[in-house]
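Have a look at the structure below, then the notes.
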Amino acid sequence: GTPAATGATNLQTGATQLAGGLGQAQTAAQTASSGAQQLATQLPGLVSGLGDLQSGATQLQAGADKLQAGLTSGSKSLQDGATQVQSGAQKLAQGAASAQAGAQKAVTGAQQLAQGSRQVQSGAQSLQTGARSLADNTRKAAQGAQTLAGGAKDFQAGVNTLADGNEKIKAALGQITTKLPAQKDLNSLNSGGKTLASSARQLADGAASLESGTRTLKNGTGDLLDGAQKLTDGLNELHDKVPASIEQLGGDPTGLAESVQVRTTNFADVPNNGNAFAPYFIALALWVGATMTTFIFPYLLLPESGRQTRQAARVARKLTQPLLIVLGQAIIVVIGVRLMGVQFATPGQVILTTLAGSVTFLLVILALNLLIGPAGRILALVLLIVQLAASGGSYPVELSNPFFQTLHNVIPVTDVINALRHAMFGAFEGQYWTFMGRMGVVALISLTVALLSRRRWVYTDDRNFRSPIITDVG
């Protein structure tokens, strides 16, 4: 027992350590799964950004080409314009010099004219002042034209520098475009990231399942340890309580071999098959007797004087003679069965059951005749055949198909057979009055149908209504 307990303890310790290691593995797997999921989440944005960068680089290179072409064209146009401005400034300087000379001449002429008229002298002075201002402005324009020409040269140098920088940008963009990953590589990177995230999730799930199984193993190891300890205790107790020697039993070996005798008690004992079939054939005989009255008495024929009577009186008139006959046949059947040696556990109940069954059967058959006419007696014979199979009198109804099992619970012959089995053999203890009550319900329903069926009566002249024996309309 002790090695088993020690082994179970070691197994539990190992299971605990395995559970701790698996917990750490699960934590690492979850961390890897989280990182892979973040990578899978950011990869689409990275792929999209790289695609945008590649597209922007292409557009920037195209723009640089256009800018270089425009700068070249603009520089040439600007150089031409600067040359034209310089030429114009030179012409303006020459014109200013000519104007200055002319102004000097005008001053001389004005001095000569000053002697002739004061007004001309005043205008000449104004003209002289304007000429001097014109000369000064002309000199300033010449200086500005020279400054503009120098700025045009500086601008041309800046344009050349810009063109060189544009060439360097174009070359750098070409290198960037070459080093960017291809679109298929980006797609592969995106697909690999998704696969990595999915595998990380599966790894985390597997680690969780493994941890759960380890906990189960740990718990089972504890149970195993407890069981091993109990087994050890039980073996020790068994070892302590088993006697060293066993005393031999005394007595007769035959008596010991047959120390118990089986005693069988039969409930509702039936001596033979004849007695067992008696309730079944009694019920069928009562039904046949009630059916035969429809072939003897005209159930539907009444004299003309019967038109003035109530329906209840007509029904009572048709029931009187057949009722006496079926009650008489019930007594005869009971006496005949008893004379044949069939036992009666409760003779009074046997008589009551046969009388009640005869009345119930007669009311059912009368209701059929008053409801559907002469075809009612044919339907009564059909019901006899159906009840042979559905009543459960010859073999258990559970062996029949579901159709007969359903009919078994509603046909009146079933209740008569069960009530007779109780009265004759004591079967169905405590259910006798249940069977009798159900027969009473069937009898009451049949009587109600008979009282409500008025259209099947056939009336004949009172003088022709003599014999109660059946006629053509019976």
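Residue pairs whose Cβ atoms lie under 6 Å apart, separated by 6 or more positions or on different chains, with the first residue in region 438-452 and modelled with pLDDT of 95 or more and the second of a type in the set (D, E) and assigned to a helix (DSSP H, G or I), are R438/D415; M439/D415. Among helices (runs of 4 or more DSSP H) entirely within region 385-456, having at least 3 residues that are within 13 Å of P279 (Cβ to Cβ) singles out 412-425.
When region 360-401 is examined, which residues are found to be surrounded by fewer than 21 Cβ atoms within 10 Å (Cβ to Cβ) and of a type in the set (V, I, T)? Answer for region 360-401, where residues must be surrounded by fewer than 21 Cβ atoms within 10 Å (Cβ to Cβ) and of a type in the set (V, I, T): I372, I378, V382, I385, V386, V397. With V350, V386, V364, V416 as the choices, which residue is in the same structural domain as L286 (by TED's automatic domain parsing) and touching a Gly at 6+ places or on another chain (Cβ under 8 Å)? Within the list V350, V386, V364, V416, the selection yields V416.
Against the condition under 17 Å from F295 (Cα atoms) and either touching a Lys or Arg at 6+ places or on another chain (Cβ under 8 Å) or without any contact (Cβ under 8 Å) to a residue 40 or more places away in the chain (or both), how does N409 come out, does it pass? Spelling it out, it is not the case that N409 is under 17 Å from F295 (Cα atoms) and either touching a Lys or Arg at 6+ places or on another chain (Cβ under 8 Å) or without any contact (Cβ under 8 Å) to a residue 40 or more places away in the chain (or both).
The residue of region 209-251 that is nearest to Q30 (Cα to Cα), among those that are in contact (Cβ under 8 Å) with a residue 60 or more places away in the chain and basic (K, R), is R215. Just to be sure before I move on: is F465 surrounded by 12 or more Cβ atoms within 10 Å (Cβ to Cβ), aromatic (F, W, Y) and at pLDDT 85 or above in the structure I sent? Judged against the criteria, F465 is not a match. When A380, A375 are checked against the criterion of being farther than 27 Å from D269 by Cβ, without any contact (Cβ under 8 Å) to a residue 24 or more places away in the chain and assigned by TED's automatic domain parsing to the domain that holds P412, a single residue qualifies: A375.
One line per residue, one yes/no per condition, for (1) over 30 Å from Q37 (Cα atoms); (2) in the same structural domain as L363 (by TED's automatic domain parsing); (3) at pLDDT 80 or above:
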position	(1), (2), (3)
A200	no, no, no
T232	yes, no, yes
V242	yes, no, no
S245	yes, no, no
V260	yes, no, no
F277	yes, yes, yes
L284	yes, yes, yes
V288	yes, yes, yes
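The values are calculated or read from the model by the stated rules, or taken from the named source; none is laboratory data. All values reported here derive from a predicted model rather than from experimental measurement. As a convention, Cβ positions derive from the backbone with ideal geometry for all residues, glycine included, and neighbour counts pool all protein chains shown.
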